[in-house]
1. Taking 8 Å as the Cα distance limit and 6 or more residues as the minimum spacing, I'd like the relative contact order of segment 1-144 as a percentage.
2. Where the centroid of each part is defined by its Cα atoms, how far is segment 160-202 from segment 253-267 in Å?
3. So, R0 is 25 Å and r is the distance between the beta-carbons of S197 and K286; what FRET efficiency does that work out to, to 0.05?
4. Taking every DSSP beta bridge with both residues inside the chain, roughly what % is antiparallel (nearest 5)?
5. Name the shape class, rounded, prolate or oblate, that the alpha-carbon gyration tensor gives for segment 90-157, where a ≥ b ≥ c are the square roots of its eigenvalues, rounded holds for a/c under 1.5, and otherwise prolate holds if a/b is larger than b/c and oblate otherwise.
6. List the lysines whose Cα sits under 19 Å from the Cα of K162, skipping any in the same chain fewer than 8 residues away.
7. Could you give the length gained by full extension between N154 and N114, i.e. 0.36 nm per residue of separation minus their alpha carbon distance, to one decimal place?
8. Give me the one-decimal Kirkwood hydrodynamic radius in Å for the chain, with the sum taken over alpha-carbon pairs.
Amino acid sequence: MTNKTYQFNMGVDIAKHKLDVSFSDQRVVSFENNQSGFKLLLKEIENKSQTRVVMEATGGYEKPLAHFFQDHGGGAVSIVNAKRVRDYAKALGLLAKNDVIDAKVIRMFVDAVNPKLLPAANDTQQALDAQVHRREQLVKQRAMEKQHLETVGNKDAVRSIKRTITFLDKEIERIEKTIKALIKTDSTLTEKVDRLSAIKGIGDITALTLIADLPELGQLSNKEISALVGVAPFCRDSGTQKGKRTTWGGRIQVRSILYMAALSVVQYNPPLKAFYNRLLIKGKTKKVALVACMRKLLTVANSMLRNNTEWNPNHGKLA
């Protein structure tokens, strides 16, 4: 995915109810975090073709604004990792933190780094994103109820928990049907899901979650996508001292779904199972080996979408 430099960058700090926006002319203006506020912000942008709006990933609060600007031609959009922005602020000696300062720091970070743009999302993609995230919420609620069931002895409480689990099962099933129906309305999404689902160990739901939570999949290099998700190992070396490589940051939803997929592929996907076992034989811990399989799955999926290729078992045999 190519990137370009923009004449004007806007840094947006997003809270639940308001936006603090740092403009290229050093102004910082607050807007309500709703459609009315978005429209007022849009009016402030004079040269939309040369403007990039940048915000941090904030657990979903950023998505309505990002989609609004993409739908209304309000300029290009980038969503950046909050930890990278905070580390940049520390490097500049900007230790104080509030909404206004954060908005300024985001804009300064963008001026220096020129991050990748968020791919445009059509109505189907946005609807898919909403449904997939709602399913994730319900699955978490169901898991909590099942945990409660293990610790409750009262019969009435047990019946209540079981009724709730039954309701959640039905609602999750309903949403999954809605998701599959959405996919069928978009040939591009259908092709992506079919391509990813061909990887043994990745089911339809895993494929759908990857597509919804990682729209950049297939548009970045393997190194870039691994770093974006947070499964790329970073060295911690100094002089002759070799530190342990670690992974950090990234998108927790994608890492979670990749982790569950990795548990499956190391059992049922022969090439990746062999890759996992080779790492164990080399002395890697199970956790390190699983993360390596997560990265392998991600880069293979990324390459398949980027190059329009089908699953090949030999992908998993690469060291």
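The values are calculated or read from the model by the stated rules, or taken from the named source; none is laboratory data. Nothing here was measured: the structure is a model prediction, and the numbers come from that model. Cβ coordinates were reconstructed from backbone atoms using ideal geometry, including for glycine residues, and neighbour counts include every protein chain displayed. Keep in mind that these areas ignore ligands, DNA and RNA; they rest on the heavy atoms of the full protein, side chains included. Shrake-Rupley method; radii C 1.70, N 1.55, O 1.52, S 1.80 Å.
1. 27 percent
2. Here the answer is 17 Å between Cα centres.
3. 0.40
4. About 50 percent, rounded to the nearest 5.
5. Verdict is oblate for segment 90-157.
6. Cross-link targets: K140, K146, K170.
7. So the chain would gain 8.6 nm between N154 and N114.
8. Mean inverse Cα-Cα distance, inverted, gives 21.8 Å.
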